[in-house]
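Before any comments, here is the structure.
The values are calculated or read from the model by the stated rules, or taken from the named source; none is laboratory data. This structure is a prediction, so every number in the text was calculated from the model and none was measured. Note that we place each Cβ from the backbone using ideal geometry, even for glycine, and neighbour counts take in every protein chain shown. Areas reflect the complete protein model, heavy atoms only, side chains present, ligands, DNA and RNA absent. Shrake-Rupley method; radii C 1.70, N 1.55, O 1.52, S 1.80 Å.
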Amino acid sequence: MRTLPRLPAATTTYVVCDACEYTGTIPTEIGELTRVTIVNLAANDFTSSLPSEVGQLTEMRDLFSFWDNSLSSLPTELGKLTKLSSGLDVGLNSFTSTIPTQLGMLKQMAENFNLGGEEWVVHGEIVNRLRSPLNGRLPTELGNLQKITYGLQVRLTDVSGPIPTEVGKLTKLTFKFMLDQNSLSGAIPTELGRLERMELLDFSNNTLCHEIPSQVASIMINSPFAQGLHIAEGNRIGSACDNSKTQHPTAAPSVANPSTPGPTMAVTWWIWVVGTLVGLLVAAGCIAHARRRKHRAAAALKLLDRAQRQIEAPLLSISSDSSTSGSSTSSSFRQGGGGPSLEMAVWTSDPSSTFTSANNPSSSLSPVPLGTISNLTSENSENVSLSHGHEAASS
């Protein structure tokens, strides 16, 4: 049987004796070690209570560990270790007390916070499980440990009541958050969805109810480091909460447990896939229909423009200024629509006669019978003067 010896207070800066087989009670003189920054007396067999004098170790920074002993209660004075940053590990003890709310004053805690029991798993099989009879409720003050990054464990205890929404403030927590195998009840708070970088989230084997909030389930979908989300196992997920018990007042839209996908999640996934495909097909059809309408409209405009040009083509009208001499007939024509004048001498009695254009005397034109004047189009609308190749007989 070994007991912890009296330590020199003036020179000691750390107390480390892991698995040294110490037994008995922890002497109150431990409070005289005001210069220590590390106390690690894990895996011994200390009994009775952790003395309140530990609250005098105000220079404690790195580690305070009494893991795996047989201590029966946690003093509230632990909350005075406000410089403690690396870890508080008092798990695997025989605490019959509640969790002191003063632990929420350890705001510099940056790594590990462990109050619960332990279990050992070998090749997927649990070979040993030790509970800690810690009881009461999870204090809302745990939400003040906002610098903690590695892990928060309160597992294998008799802690009951709801999960406080304040734990959603622990947004720097990245490795593990374990509240499994307790007596927690009520709905899972949606605020836990803020822990977006979690690797392991284990709330299994409690009496939690309602559904898993979608904000919490999305951790496993969005986090590139996620290993497991264990919530549905051993809980009453999917069942209505008992209103006679204290629970989280609101419940958000939820999905099934992502670690064990069920029918709800599968149906939701297929609805999303089918809806997306239908939306894409409808969009493609609308685009194709719009293009066809645009093409038809362009073709219709082209036909309308062609028809308008044909309708507005200049017409030829005859202005009566005719005279006959011999076998010739002379008529003057003017282009309709305000166009240039077209003067023409038409010799119908001599088909072999030639005509010349006033604008281009070197060109010759074939005689145009009077009956074909109506066939003239705008292509003949140049200002021309046509005359017979020889002079008409004078009257």
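In terms of packing, defined here as the mean over residues of other Cβ atoms within 10 angstrom, the peptides 43-54, 177-188 line up highest first as 177-188, 43-54. Ignoring lysines fewer than eight residues from Lys172 along the same chain, the ones with Cα atoms less than 18 angstrom from its Cα are Lys107, Lys147.
To the nearest 10, the accessible area of Glu29 is 70 Å² with a 1.4 Å probe. Straight Cα distances below 24 angstrom link Lys302 to the lysines Lys294, with same-chain residues fewer than 8 positions distant left out. Heavy atoms only, probe 1.4 Å: what % of the accessible area of the range 145-186 goes to carbon and sulfur, would you let me know? Answer for the range 145-186 is 46 percent, counting heavy atoms of protein chains only. The label point for Gln108 and the one for Cys286, both projected 7 Å from the Cα toward the Cβ, are 6.1 nm apart.
The share of accessible area on the range 1-65 that comes from carbon and sulfur is 51 percent, using a 1.4 angstrom probe. Using a probe of 1.4 Å on the protein chains alone, the accessible area found for Arg309 is around 140 Å². The overall shape of the range 1-155, judged from the alpha-carbon gyration tensor, is oblate: a/c is not under 1.5, and a/b is no greater than b/c.
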